[in-house]
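Working notes, beginning with the structure itself.
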Amino acid sequence: MLNNRLIIALICGWAVGSRAADAERSVIQITSYMQQPVWDAPWRFESVQRAGGTGFVIKGKRIMTNAHVVSWARQIIVHRYQDPRPYVAEVEFVGHDCDLAVLTVEDKRFFENLEPLDFGELPKVRSAVLTYGYPAGGEEISYTRGVVSRIQLEPYAHIGNRQFLSVQTDAAINPGNSGGPVIQDERVVGVAFQGTPGLENTGFFIPQPVIEHFLKDIADNRYDGFPQAGARVVPLENPAYRTLLKLPDDNIGARVDSLLPIPGSEKLLHPDDVLLRIGQFTVSSDATILYQGNRLSAALAFQFAQHGETVPIEVWRDGCKQELALPLNIYEGDWAGGFQYTSLPRYFVYGGLVFTPLSLDYLRTLGRNAEQSNSDLYYELYYRRYEDPAKARPEPIVLTSVLADAVNANVSTRGRMLVDKINGVRIEKLEDVVRAFQSSTGDYDVIEFLSHHSFECLDHADVAKVNAGILKTYGLSSDRRL
Amino acid sequence: MSNFFFNLDIQLHNSARVAKRLRGAIIVLVFIAITSFSICARAQEDKLAGWERSIVTIEVSRKQYDYYQPWSKRTRRFQKIGTVIGERQILTTADELFERTLIRLQKGGRGRWWLGEVTWLDYHANLALVTVSDENFWRDLKPVSFGSAAKSDGGYQIVRWREGKLENRRAEFSQFTVRDSQLCPLDIVTLEVSSEIQGVGWGEPVVANSKVVGILWAQETRTCMGIPASFIQSIIDAQKKGDYHGLGYFHFFWQPTENPASLARLKVPGEPRGVVVIDVPERSDGGPKVLKPLDVIFRIDGFDLDIQGDYIDPEFGPLLLENLATRKKWAGDDVKMQIWRDGKQLDVTYRLPKFEYTNSLVPAANFDHEPDYLIVGGLVFQPLTESYLTSWGNEWKRRAPFRLNFYRNEPPLKSNPALVLLSQVLPDSYNIGYQEQRYLVVDKVNGQPVHYLPELQAALQNATNGVHVIEFAKGDSLRRMVLAAGDTEHEATARVLKRYGIADGFRFAEAKN
């Protein structure tokens, strides 16, 4: 998806050498016709947008590209190099966390005479790379040479709340064809995917280790995603802390400061455990590991495992070393805190009152200052589960808007309110909203909000009479998507 | 005038022949001259009888703190406007009078400055009275009287000294409304006028019919906000009688009853009216809550409330019910309420609690109180206050760290009455590994809960195993720090203070007011 949220890296280059000229035949131009849902009016869709991207042929008659190139796509058209004929492609697998996708093309002729590109290794810092792509509006492939300037964990903008290994180059950033291959020594070493606002001549690509993880994940015909250890690992450099934990003064070991509520991790790890080794990597006191000559965040060491695998770790606990096997699984607790693509937004409409789960996508509809103007929503989404897990709800529900009708004409709230209870039922998830209204036997439906216990009332019998009419008036085919 | 007489005198000596003829003329001219002088003097007097004799410039010098570096302070000099309202009494707003070190006053927009002093000041109402001890200052000054803005025929003016001249600009009445006071979050009645004048809001009088009907405390584009004269007069009168000890307020939350279904649910008979109480927090003064959630308030002090929470004020017209907590009522006064509770109508008496700045989890202001801090081995601890948050500039509500800002929405609890912050770390070998840490709310130190700096200082006396264990509030940031205690700590603190040029390692100042 090409939008203003992502500064998509379109890294281009010019041909150098015959192999590069061959490679361009396997670079695919992708045109995506996408239609996103409207998160604060969840039954509606935005107008269809055309977006351009790039992909490249990989083994198995597949095209690899970025997830954001094909997200919410209604139709995907792919073109071979200098071939005017359009082919329809389908998404076979998509990893929204790592911003990668593979496409298939039903028409067998598409892959005729196309050689899959092979993958290389993580490039060295200061080494040169060539990026291939179709810049915005261009019909001809373009190339840009760049130098690998930095390798580190970076936030992946497509999902919004995860960090993975990323390579920074000094290639010029041009809006347009994300998903293009980054090539070094005739092999793909990355997939161009994003830039950073304010940083000129800077682009980022997804490196081989992340690509390899994605391809291994889909080998069983299902994409699970990157598992999380759920441990907040912080540097342990202060001599007093190391002495207290009876650690040798060898700059080895970083401390577990806190844990996410992931059962496997919570059971096995404790705050103040010191991670000495994760898998094959020694953990330094600054919470980094040495990976292929790059000093990187120790969080990387957990990102090589697949969902359901265990990682051998060595921890320092109570003054001695312990060998443990840490199970790693995907964590869905922070799902709403990232952008969502896998399913349409859930909602329920009752008496013109629109209820939907709180999510980052919803918050984004509230404008730039949502953090300030709707701070209670922001707190609920990002802080409550850490600070007050007993009161946290699995799926906080928002009264997002009111579809005006005589039955709700005197409801004074216009929406953006977190729902606490409906008819006395504590609302933990959207299904509770449906149940609370449908099981009510009182004369009035009472909707209570979290903000100072304010409330609104609807006449239960009147709502029953007008519900269908409201849906018809506002063009809803159903009162719910659960 | 003297030149004229000199020239005339020369003529008399030069021509004796015309002297006699001129004598009559001289008498006429002298008469004219004296008359002219008299007219001029009277005109000048008339002019001085205007606002020039009632408006003065007040120059305030005060300390200004840098909450990023609470040990440092700067000075600020600022000019505002005062109005002579009585014998040796000059009225202005309290804004910018905190942390004052020197007050000077000037008459006529130019000339000599006179030393002044504040005789009374109230941050709640944003009012202050200033005086000058030198008798000579009061010569030519004339007190003005208050008038009602509501009774004006619409001809308003805003008066101030500007660049040595009296500026008198026309203003149009907009409305009376109820909004947050400038220096505290209490709702008070506000006069809003519209004018082309710029840069006002510093005590300038709004005048109508030769009377002061309000003084200005803020301006947003063309809209100028003022404190109405009747509100000022009522507070000054109460203060003179010793009845005024600060503003009170309603310590509960309510919502309108525009939705008839809400009243029907509560079985309220008759026409829709009143407001529904939705939340009644604990009172910091320990007083009874009186009200309960789902009470419907029909009437306060005899004023009926409509479904939006407005009442009809005899002077100002429709105003929000919050004004009934400050309409000739002060902290500690009783307010009569007629309410609906559990299907019955009741009369209750609500005692107005006093607003205290320190009764918030994040105090709204810290007037006349140097910023508190404590430095331990380079770790800088400070109370979390709005004064600290305003360090992020005019847009601090948007720019300050979200989580720190959000504490302003949380009520103080007995278990959590205030917050201490690790605001920054001044790098030193002692605190290596923690240099990047900042904006962390302290939970416990050496196992002891910490809400105030003295508690933190005391907890630091209880180190075990030769280390301090500092735990921070749950969140998405660092939870725990361990640092050496004892001599290493003390040496580090001394080293940091010297290296960063800080005179004192801590300050817990006492409030002046």
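The values are calculated or read from the model by the stated rules, or taken from the named source; none is laboratory data. The structure displayed is predicted, hence computed values, not measured ones. A quick note on method: Cβ atoms are made from the backbone with ideal geometry, for glycine too, and the neighbour counts reach across all protein chains shown.
Quick grid of which residues meet (1) part of a strand (DSSP E or B); (2) under 30 Å from B:Glu489 (Cβ atoms); (3) within 14 Å of chain B (Cβ to nearest Cβ); (4) basic (Lys, Arg):
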position: A:Val182; (1), (2), (3), (4): yes, no, no, no
position: A:Gly190; (1), (2), (3), (4): yes, no, no, no
position: A:Asn201; (1), (2), (3), (4): no, no, no, no
position: A:Ile206; (1), (2), (3), (4): yes, no, no, no
position: A:Val233; (1), (2), (3), (4): yes, yes, yes, no
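Being modelled with pLDDT of 95 or more and among the charged types (D, E, K, R) holds for only one residue in A:Asp249, A:Asp217, and it is A:Asp217.
I'd like to verify a number: residues in the range B:86-109 that are part of a loop (DSSP other than H, G, I, E, B), buried (at least 17 other Cβ atoms within 10 Å of the Cβ) and not hydroxyl-bearing (Ser, Thr, Tyr), how many?
8
When the range B:216-229 is filtered for residues that are assigned to a strand (DSSP E or B) and not hydroxyl-bearing (Ser, Thr, Tyr), the ones remaining, listed by number, are B:Leu216, B:Trp217, B:Ala218, B:Gln219, B:Glu220, B:Cys224, B:Met225, B:Gly226, B:Ile227, B:Pro228.
Filtered by the rule that a residue be of a type in the set (Ser, Thr, Tyr) and in a loop (DSSP other than H, G, I, E, B), the range A:145-180 gives A:Tyr156, A:Ser178. Being assigned to a strand (DSSP E or B) and modelled with pLDDT of 95 or more is a property that holds for A:Lys421. If only residues of the range A:392-428 that are of a type in the set (Ser, Thr, Tyr) and under 32 Å from the mean Cα position of the chain (by Cα) are counted, the one that is surrounded by the most Cβ atoms within 10 Å (Cβ to Cβ) is A:Thr400. Out of the residues in the range B:239-281 that are among the small types (Gly, Ala, Ser) and more than 11 Å from chain A (Cβ to nearest Cβ), state the one that is farthest from B:Gln345 (Cα to Cα). Here the residue is B:Gly242. Taking the criterion of being of a type in the set (A, V, I, L, M) and surrounded by fewer than 20 Cβ atoms within 10 Å (Cβ to Cβ), the residues of the range A:321-348 that qualify are A:Leu324, A:Ala325, A:Ile330, A:Leu344.
Looking at A:Gly442, is it in contact (Cβ under 8 Å) with a residue 40 or more places away in the chain and either at negative phi or within 35 Å of the chain's Cα centre (by Cα) (or both)? The answer is no for A:Gly442. Applying the set (1) surrounded by fewer than 17 Cβ atoms within 10 Å (Cβ to Cβ); (2) part of a loop (DSSP other than H, G, I, E, B); (3) modelled with pLDDT of 95 or more to B:Leu291 leaves exactly one unmet item: (1).
Each residue in the range B:110-160 was checked for being in a strand (DSSP E or B) and either assigned by TED's automatic domain parsing to the domain that holds B:Lys329 or closer than 30 Å to B:Pro185 by Cα (or both), and 18 of them qualify. Go through the range A:436-447 and count every residue that is within 13 Å of A:Leu353 (Cα to Cα) and either assigned to a loop (DSSP other than H, G, I, E, B) or within 14 Å of chain B (Cβ to nearest Cβ) (or both). Of the residues in that region, 3 qualify.
The set of residues from the range B:237-255 being out of contact with any strand residue (DSSP E or B) (no Cβ under 6 Å at 6 or more places or on another chain) and of a type outside the set (Gly, Ala, Ser) comprises B:Asp237, B:Gln239, B:Lys240, B:Lys241, B:Asp243, B:Tyr244, B:His245, B:Leu247, B:Tyr249, B:Phe250, B:His251. For the range A:392-415, the criterion of being within 9 Å of chain B (Cβ to nearest Cβ), under 28 Å from B:Phe406 (Cβ atoms), outside any loop (DSSP other than H, G, I, E, B) and touching a Gly at 6+ places or on another chain (Cβ under 9 Å) is met by none of the residues.
Residue under question is A:Val433, and the condition is that it be part of a helix (DSSP H, G or I) and either over 30 Å from A:Ile262 (Cα atoms) or away from chain B (no Cβ under 14 Å) (or both); does it hold? Criteria met by A:Val433.
Please go through the range B:172-215 and give me each residue that is in a strand (DSSP E or B), under 21 Å from B:Arg53 (Cα atoms) and touching a Ser or Thr at 6+ places or on another chain (Cβ under 8 Å), ordered by number. Working first, answer last.
Initially, the range B:172-215 is screened for residues in a strand (DSSP E or B), giving B:172-180, B:187-195, B:205-208, B:211-215.
Applying the additional criterion that residues be under 21 Å from B:Arg53 (Cα atoms) yields B:205-208, B:211-215.
Of everything in the range B:172-215, those that are in a strand (DSSP E or B), under 21 Å from B:Arg53 (Cα atoms) and touching a Ser or Thr at 6+ places or on another chain (Cβ under 8 Å) turn out to be B:Pro205, B:Ala208, B:Lys211, B:Val212, B:Val213, B:Ile215.
The residue list B:Gly246, B:Gly242, B:Gly226, B:Gly199 contains one member that is surrounded by 17 or more Cβ atoms within 10 Å (Cβ to Cβ) and at positive phi, which is B:Gly246.
If I go through the range A:459-482 residue by residue, how many of them are within 11 Å of another protein chain (Cβ to nearest Cβ) and in contact with a strand residue (DSSP E or B) (Cβ under 9 Å, 6 or more places away or on another chain)? Count: 3. When the strands (runs of 3 or more DSSP E) confined to the range B:307-383 are screened for residues that are touching a residue at least 24 places away in the same chain (Cβ under 8 Å), those reaching at least 2 such residues are found at B:317-320, B:334-341, B:344-351, B:373-376, B:379-383.
Within this structure, B:Asn405 passes the test of being of a type outside the set (Lys, Arg), closer than 21 Å to B:Ala364 by Cα and without any contact (Cβ under 8 Å) to a residue 24 or more places away in the chain. Among the residues of the range A:217-239, none qualifies, meaning not one is crowded, with 23+ Cβ neighbours inside 10 Å and touching a Pro at 6+ places or on another chain (Cβ under 6 Å).
Given the structure, is B:Glu395 assigned by TED's automatic domain parsing to the domain that holds B:Arg495 and in contact (Cβ under 8 Å) with a residue 24 or more places away in the chain? Spelling it out, it is not the case that B:Glu395 is assigned by TED's automatic domain parsing to the domain that holds B:Arg495 and in contact (Cβ under 8 Å) with a residue 24 or more places away in the chain. Scanning the range B:114-133 for residues that are over 20 Å from the mean Cα position of the chain (by Cα) and surrounded by fewer than 13 Cβ atoms within 10 Å (Cβ to Cβ) gives B:Leu115, B:Ser133. The strands (runs of 3 or more DSSP E) located wholly in the range A:235-320 that include 3 or more residues which are within 13 Å of another protein chain (Cβ to nearest Cβ) and closer than 29 Å to A:Pro389 by Cα occupy A:254-259.
The residue list A:Glu456, A:Glu380 contains one member that is assigned to a helix (DSSP H, G or I), within 12 Å of chain B (Cβ to nearest Cβ) and on the phi < 0 side of the Ramachandran plot, which is A:Glu380.
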